[in-house]
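See structure below.
Bear in mind these aren't lab numbers, they're just calculated from the coordinates by the rules spelled out. Small disclaimer: the values here were computed from a predicted structure and weren't measured. Here the Cβ is made from the backbone with ideal geometry for all residues, glycine too, and neighbour counts use every protein chain on show.
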Amino acid sequence: MSYYFKTTLRDKPFNDAIEEVTQALKKEGFGVLTEIDIAQTLKKKLDVDFKKYRILGACNPPYAYEALQKEEKIGLFLPCNVVVHENDEGHIEVAAVDPVASMISVENDALANVAHEIQQKLKNVIDSLAS
């Protein structure tokens, strides 16, 4: 089982891709709570150069609330991460975590429905970018 969904955006500037992903997430009810610029962080902390790579911490509040009511420690898996990075061919790749795959280890059947609904929403985001 894969732990993510992905698509590749060709001929798209990196910052435009970030904006497009953010808008696609918004259409599915997600907000971006955090944005981590890995290249900038690695440069600052280790003085190394790294490809363009951002982690967007996406949250859909109603589903997060529902999940937290069913499993108090599920916050360890929140928010849902979406990665936008430049691949080896110079194209922008977008990948989203599969919440069903990540929540298997929790072993709480009450979370299954929430995980599947979020999974579908994140698949919708990735599919919308591919078209």
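Quick notes on this structure:
- Number of residues in segment 47-93 that are among the aliphatic types (A, V, I, L, M) and closer than 15 Å to Leu122 by Cα: the value is 8.
- Enumeration of residues in segment 44-77 that are hydroxyl-bearing (Ser, Thr, Tyr) and closer than 30 Å to Ile92 by Cα: Tyr53, Tyr63
- Subset of segment 102-116 (residues that are part of a helix (DSSP H, G or I) and exposed (fewer than 15 other Cβ atoms within 10 Å of the Cβ)): Ile104, Ser105, Asp109, Ala110, Ala112, Asn113, His116
- All of (1) under 22 Å from Leu68 (Cβ atoms); (2) of a type outside the set (A, V, I, L, M, F, W, C); (3) surrounded by fewer than 19 Cβ atoms within 10 Å (Cβ to Cβ) hold for Asp98 with one exception: (3).
- Close Cβ contacts (under 7 Å, 6 or more residues apart or on different chains) running from residues in segment 1-12 that are aromatic (Phe, Trp, Tyr) to residues that are not in a strand (DSSP E or B) comprise Tyr3/Asp98; Tyr3/Ala101; Tyr3/Ser102; Tyr4/Asp98; Phe5/Asp98; Phe5/Leu122; Phe5/Lys123; Phe5/Ile126.
- Options Glu93, Glu66, Glu89: the member that is charged (D, E, K, R) and in a strand (DSSP E or B): Glu93
Each row is one residue, and each column tells you yes or no for (1) surrounded by 11 or more Cβ atoms within 10 Å (Cβ to Cβ); (2) free of Cβ contacts under 8 Å to residues at least 60 places away in the same chain.
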| residue | (1), (2) |
| --- | --- |
| Ala17 | yes, no |
| Leu33 | yes, yes |
| Ala39 | yes, yes |
| Asp47 | no, yes |
